[in-house]
Amino acid sequence: MDNHEKQTASENTKLSLADLAQQRSKLDPLRESFIVILVYSIFGFLWITLTDWLVDTLVSDPTLNRNIQTAKGWLFVALTMLIIFFLVKNRIEQIRLYVEKIIDTTLKLDRTQTALAGQRLLTEEIISNAPVMVAIWDDKGNLISTNPHLQELLELEKGSSDVTEGNKAIKKVLSTLQRKNRILNYETEIKFAMEDPRYIMWNGGSIIHDNPATGGFIAFGVDVTDKKIAEDKLKIYAFNDNLTMIPNRVSLQQETEKLLEKNEHLALLFMDIDNFKYINDSLGHHVGDELLKFVSSTLASIVNKPNLVARLGGDEFAIVITNYKDKQQVFSLSEKIRKLIGRTWSAYNHSFFLSLSIGVAISPDDGETFADLSKNTDIAMYQAKREGKDRVVFFEDAIELQNLYRIDMAKKLQHAIDNNEFELFFQPIYRLAGQTAVGFEVLIRWKEEVRGYISPGEFIPLAEETGQIYNIEAWVVDAAIKQKMLWDASGLKDLYLSINLSSKTLLSDANFQRIITILEAYKENIQNIVFEITETAVIDNIEKVFAQTKVLKKLGVKIALDDFGTGYSSLTHLKNLPIDIVKLDRSFISQIDKKGKDEVIVHSVISLVQRLGHELVAEGIENSEQYDYCLEHDCDFGQGYFMNKPMPAKSIEALFITDAKPDYQKL
């Protein structure tokens with residue numbers, strides 16, 4: 001039976017009872033008896049009086065008068081019997097209706113009571129088995145009813161006066177109800193011995209009856225412990241890094257802003273693991289994760305409260321230092337961190353040398369808000385990377401100006417890419433014996449609309465940092481091959497073009513594939529193409545560079561190791577990499593005229609390269625002494641301002657058309 005049905009039954013019952021009360025008032029015994037006697041008396045009086053007068057007036061014969069009187073008496077009896085019959089019949093009919101109503105009302109009451117009893121049992125069953133706690137108090141605050149779930153969870157016994165944690169919680173709920181008359185989402189914490197606390201969420205209010213004296217309070221409680229634990233975990237994840245479980249960027253910002261609001265001086269450090277990407281890419285993210293955990297635990301062991309360690313994301317960490325005396329102390333702690341992290345780290349049978357680039361900004365000099373401090377700290381950290389990594393750099397205004405300059409240059413560089421402001425220059429490479437040109441190194445020049453020609457040494461490193469190098473190199477390769485095709489058509493055949501390929505492109509699968517796509521489009525015209533790679537690229541990821549150079553070799557191009565002698569493990573590179581040509585760095589050539597040890601080193605390198613079967617190109621030959629030395633020591637090829645400076649394509653064509661023909665012997 002639903003609420004509507006119960007309400008309808010209750011209303012019908014009330015109507016039936018009202019009818020019964022009305023009928024009862026109509027069946028008053030005294031009144032009914034009085035009515036019968038009154039009707040009989042009035043009828044008898046009128047009958048006797050009127051009939052006697054009428055008979056005496058109309059009949060004078062005594063015998064006839066007597067006979068009429070006798071008949072009149074019998075007629076009176078008959079009429080009074082009829083009157084009494086109808087009066088009694090009417091009253092009995094009313095009694096019958098009243099009895100029927102009693103029976104009908106009784107049946108309705110019985111059905112209602114049965115339904116209410118069933119509903120009560122159902123309600124009690126639901127309350128007993130529902131995972132909700134129910135507590136009922138009378139108007140004096142006595143606990144008069146509880147359900148089993150409440151008794152079980154709170155270890156509460158009805159009527160018990162024991163001072164248990166459950167009783168304390170119930171009394172606390174009652175006290176709040178009595179004070180506020182209503183509670184909404186009221187949370188209580190209950191601590192049991194040897195157990196984790198439980199959290200109960202209560203809702204309740206006062207019970208209102210027709211009679212205020214019979215009121216009380218009722219409260220419903222739900223165990224929200226699991227929800228509370230889940231919320232606490234969410235809070236932990238919201239303010240802590242999921243991998244390392246140290247504070248994250250959100251937590252760092254909040255704590256830093258609190259300190260700044262108190263006008264506390266602080267130092268903010270950002271640090272980046274320099275070679276993290278190499279470890280992540282070569283051994284997988286699970287090894288990278290272990291490294292991040294190692295760094296975070298190491299930082300946490302060094303940095304004590306009230307200072308704070310946080311992970312910003314990726315391989316970047318941050319430290320907030322408040323208890324320092326001066327800038328030197330901040331530098332000392334930064335150096336301690338750098339040196340402690342900057343050592344060999346071993347995992348999964350591999351060892352790696354770690355280094356950190358650390359940027360530092362100090363409030364209020366370098367910023368009075370978290371946004372300004374973090375921006376300037378970030379600028380300082382990337383300046384540390386640009387200066388060679390593995391160092392600590394404090395923010396300075398000059399760094400910010402330099403950073404703004406780089407931002408402006410990056411914008412102009414993109415404009416140059418979009419509007420084709422670049423052009424190619426070519427520096428001849430000569431066979432030293434005979435001074436005949438065999439090819440050219442392809443060099444890029446940028447003619448900016450305001451400054452004019454901008455040195456590649458200025459914009460190429462920026463392009464590598466911003467990723468614009470990918471579009472630039474793709475353009476260089478495409479434009480160089482097209483130029484070579486034009487020269488081939490004009491008769492300048494078999495000249496090599498040596499194109500620089502950055503470590504960024506070599507180590508980027510997508511952008512390396514872009515270069516491969518260009519080469520495949522010109523596959524019949526790339527036999528005399530050489531790609532120069534630097535030792536820096538090899539050091540970053542020798543396995544990846546080895547695989548990529550093998551792909552290039554299969555297409556028919558040659559590989560030159562550029563700037564040889566400026567990196568590390570050079571002999572290993574000479575032995576393992578599939579290279580054809582070694583380009584001796586200009587720093588070696590510049591030492592030739594100084595004699596002594598430098599000259600001995602140059603001679604040894606030339607001899608070593610020749611014995612390994614590689615052809616050697618000496619870069620940066622600036623004078624006749626350097627040229628003669630390389631020639632005397634059987635250096636195959638050379639380039640430099642002593643022989644020819646870089647020049648545009650038109651100048652190359654004019655030079656080789658009017659001057660000597662090139663030596664077609666291949667490198």
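The values are calculated or read from the model by the stated rules, or taken from the named source; none is laboratory data. Quantities reported herein were computed from a predicted structural model and do not represent experimental measurements. Reconstructed Cβ throughout: ideal geometry from the backbone, glycine too, with neighbour counts over all protein chains shown. For the accessible areas, the whole protein counts, side chains as well, though only heavy atoms, and no ligand, DNA or RNA atoms are used. Shrake-Rupley method; radii C 1.70, N 1.55, O 1.52, S 1.80 Å.
What fraction of the DSSP beta bridges in segment 454-562 is antiparallel, stated in percent and rounded to the nearest 5? Kindly include the intermediate steps, with their values, before the conclusion.
Values: 0 of 9 bridges.
In segment 454-562, DSSP labels about 0 percent of beta bridges as antiparallel.
How would you classify segment 489-531 from its alpha-carbon gyration tensor, with a ≥ b ≥ c the square roots of the eigenvalues: rounded for a/c under 1.5, else prolate if a/b is greater than b/c, otherwise oblate?
Numbers: a/c = 4.10, a/b = 1.91, b/c = 2.14.
Oblate shape, in that a/c is at least 1.5 and b/c is the bigger or equal ratio.
So if R0 is 25 Å, what FRET efficiency would Glu100 and Phe34 give, r being the distance between their Cβ atoms, rounded to the nearest 0.05?
0.45
Roughly how many Å² of Leu612 are accessible to a 1.4 Å probe, to the nearest 10?
80
Suppose all protein chains stay in the model; what accessible area per residue would a 1.4 Å probe give for segment 354-510, in Å²?
On the way: 6560 Å² over 157 residues.
On a per-residue basis, segment 354-510 sits at 42 Å².
Residues of segment 318-346 with the amide nitrogen closer than 20 Å to a label point 7 Å from the Cα of Ser301, along Cα-to-Cβ, please.
It comes to 318-320, 333-346, nothing else.
Could you tell me which helices of the chain pass both thresholds, a Cα extent of 27 Å or more along their own axis and a mean Kyte-Doolittle hydropathy of at least -1.0, with helices taken as whole DSSP H runs? Provide the component values of the computation, followed by the final result.
Numbers: long enough: 3-26 (35 Å, -1.43); 29-58 (43 Å, 1.27); 62-129 (98 Å, 0.21); 397-418 (32 Å, -0.41); 469-490 (31 Å, 0.25).
Those that pass (Cα extent of 27 Å or more, hydropathy at least -1.0) are 29-58, 62-129, 397-418, 469-490.
In debye, nearest 20, what is the charge dipole magnitude of the chain about its Cα centre with +1 on Lys and Arg Cβ and -1 on Asp and Glu Cβ, if you could check?
On the way: 75 positive and 94 negative charges, 454 e Å.
Magnitude of the dipole: close to 2180 debye.
Would you tell me the accessible area of Lys484, worked out with a 1.4 angstrom probe on the heavy atoms of the protein chains, in Å² to the nearest 10?
10
Could you tell me what fraction of 2.2 N^0.38 Å the Cα radius of gyration of the chain comes to, as a two-decimal ratio? Walk me through the numbers before you get to the answer.
On the way: Rg = 53.8 Å, N = 667, 2.2 N^0.38 = 26.0 Å.
After normalising by residue count via 2.2 N^0.38 Å, the value is 2.07.
Run the 1.4 Å probe and let me know the accessible area of Phe86, rounded to the nearest 10 Å².
130
Quote the FRET efficiency, to the nearest 0.05, computed for Glu335 versus Arg611 with a Förster distance R0 of 45 Å and r equal to the Cβ-Cβ distance.
Values: r = 44 Å, r/R0 = 0.99.
Once the sixth-power term is evaluated, E becomes 0.50.
Which of the chymotrypsin sites (Phe, Trp or Tyr not before Pro) found in segment 353-403 are loop residues per DSSP with 12 or fewer other Cβ atoms within 10 Å of their Cβ? It would help to have the intermediate numbers written out before the result.
Details: sites: Phe353, Phe370, Tyr382, Phe394, Phe395; in loops: Phe395.
Answer in residue order: no site qualifies.
Give me the extension gain from Lys293 to Gln328: residue separation times 0.36 nm, minus the current Cα-Cα distance, reported in nm with one decimal.
Taking Lys293 through Gln328 to full extension adds about 9.7 nm, to one decimal.
Under the rule that an exposed site lies in a DSSP loop and has at most 10 other Cβ atoms within 10 Å, name the longest stretch of the chain with no GluC sites (Glu not before Pro) of that kind, not counting the sites themselves. If you can, show how the numbers build up before the last one.
Working: sites that count: Glu195, Glu449.
In the chain, the maximal stretch lacking such sites is 196-448.
Farthest toward the dipole's positive end in the chain, which of Ile246, Asn67, Val602, given Cβ charges of +1 (Lys, Arg) and -1 (Asp, Glu) about the Cα centre?
Asn67
For segment 305-418, what % of the accessible area comes from carbon and sulfur atoms, probe 1.4 Å? Intermediate values should be presented prior to the final figure.
Numbers: 2870 of 5700 Å².
After summing per-atom areas, the C and S share lands at 50 percent.
To the nearest 500 deg cm²/dmol, what mean residue ellipticity at 222 nm is calculated for the chain from DSSP H runs of n ≥ 4 alone, each contributing -39,500 (n - 2.57), summed and divided by the residues?
Numbers: 23 runs with 367 residues, N = 667.
Result for the chain, helices only: -18000 deg cm²/dmol.
Considering only Tyr186, Val173, Ile460, whose Cα is most displaced toward the positive end of the charge dipole of the chain, charges sitting on Cβ of Lys, Arg (+1) and Asp, Glu (-1)?
Positive-end residue among those listed: Val173.
Compute the FRET efficiency between Thr49 and Leu116 as 1/(1 + (r/R0)^6), taking r as their Cβ-Cβ distance and R0 = 60 Å, and round to the nearest 0.05. If you can, show how the numbers build up before the last one.
Details: r = 63 Å, r/R0 = 1.05.
Given R0 = 60 Å and the Cβ-Cβ separation, E is 0.45.
Could you put Trp74, Trp202 in order of accessible surface area, largest first, with the 1.4 Å probe and the full protein assembly present? Walk me through the numbers on the way to the answer.
On the way: Trp74 180, Trp202 0 Å².
Putting Trp74, Trp202 in descending order of accessible area: Trp74, Trp202.
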